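For reference, the structure discussed in these notes is given below.
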Amino acid sequence: MDSPDPTPVVEALIAALGEERWRDAAALFTPEVHAARTNEVLAQHRHGTLRPRVLRDDVAGVESLEALEAMAPHEAFARSLEATDPRTRVAKVAAALEAQYPEHAEQLARVGDEWTDAWNLRVVGTVVDGDQAWAVIRKRDASDDLALPLDFPPDTVVLRRRNHGWRVSGELRRNRRWHLGGLSVTDDRGKRVFLPLKFEEEAP
């Protein structure tokens, strides 16, 4: 993907994430991003800067800090992409809520279907300045999400040119912002209600 235009790299990233090809997606990021994410997760879990939670919520399939330290940074980052994907997080939250709110279990079992198009994105445009570039991405049907003037801003992908071509040089905000504290369902009167996720330390 050695091209003066970074757009194909961003499109390849969107496709890889949408198809859950985590290692292919990770390969499109710079090694610095790989290392930074691993160091961040290690620091957060060592020093308790996040609420207590299992490590696999940040890095899929990893159960200990020792295992994470021994893992190659690109592999750890691929697993982090999997763990922080909005579809992964929604599925985990929905499963936990089913146990906490069994009366809504049927709806919660279907909630993941609403997130299958999480990576249905398009590149709106790119700006190149020397060896750095910015690509603007947003949902293909973003104009239909909310009635104006309410709308969410697009995401920006930052890239740097390396010897082997363009690579993404920052984590995607789209992945990092899905910190779900619950989900909404419809009650027996047809109204939307929010079901807060009760963490283990809060459960009666």
Can you find a residue that is modelled with pLDDT of 80 or more, farther than 14 Å from residue 13 by Cα, more than 23 Å from the chain's Cα centre (by Cα) and in a loop (DSSP other than H, G, I, E, B) anywhere in the range 152-167? yes
Considering only residues that are touching a residue at least 12 places away in the same chain (Cβ under 8 Å) and open to solvent by 10 Å² or more (accessible area, probe 1.4 Å), look in the range 38-50 and name the one that is nearest to residue 76 (Cα to Cα). 38
Index of the failed condition, residue 62 passing every other in (1) open to solvent by less than 10 Å² (accessible area, probe 1.4 Å); (2) more than 29 Å from residue 137 (Cα to Cα); (3) touching a residue at least 40 places away in the same chain (Cβ under 8 Å): (3)
If you scan the range 93-135, which residues turn out to be touching a helix residue (DSSP H, G or I) at 6+ places or on another chain (Cβ under 6 Å), more than 30 Å from residue 11 (Cα to Cα) and among the hydrophobic types (A, V, I, L, M, F, W, C)? 97, 105, 108
Quick check: is even one residue across the range 90-102 under 13 Å from the mean Cα position of the chain (by Cα), farther than 29 Å from residue 164 by Cβ and open to solvent by less than 40 Å² (accessible area, probe 1.4 Å)? yes
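The values are calculated or read from the model by the stated rules, or taken from the named source; none is laboratory data. Worth saying up front: this structure is predicted, and the values here are computed from it rather than measured. No Cβ is skipped: glycine too gets one built from the backbone with ideal geometry, and neighbour counts run over all protein chains shown. The area values use the complete protein model at the heavy-atom level, side chains included, leaving out ligands, DNA and RNA. Shrake-Rupley method; radii C 1.70, N 1.55, O 1.52, S 1.80 Å.
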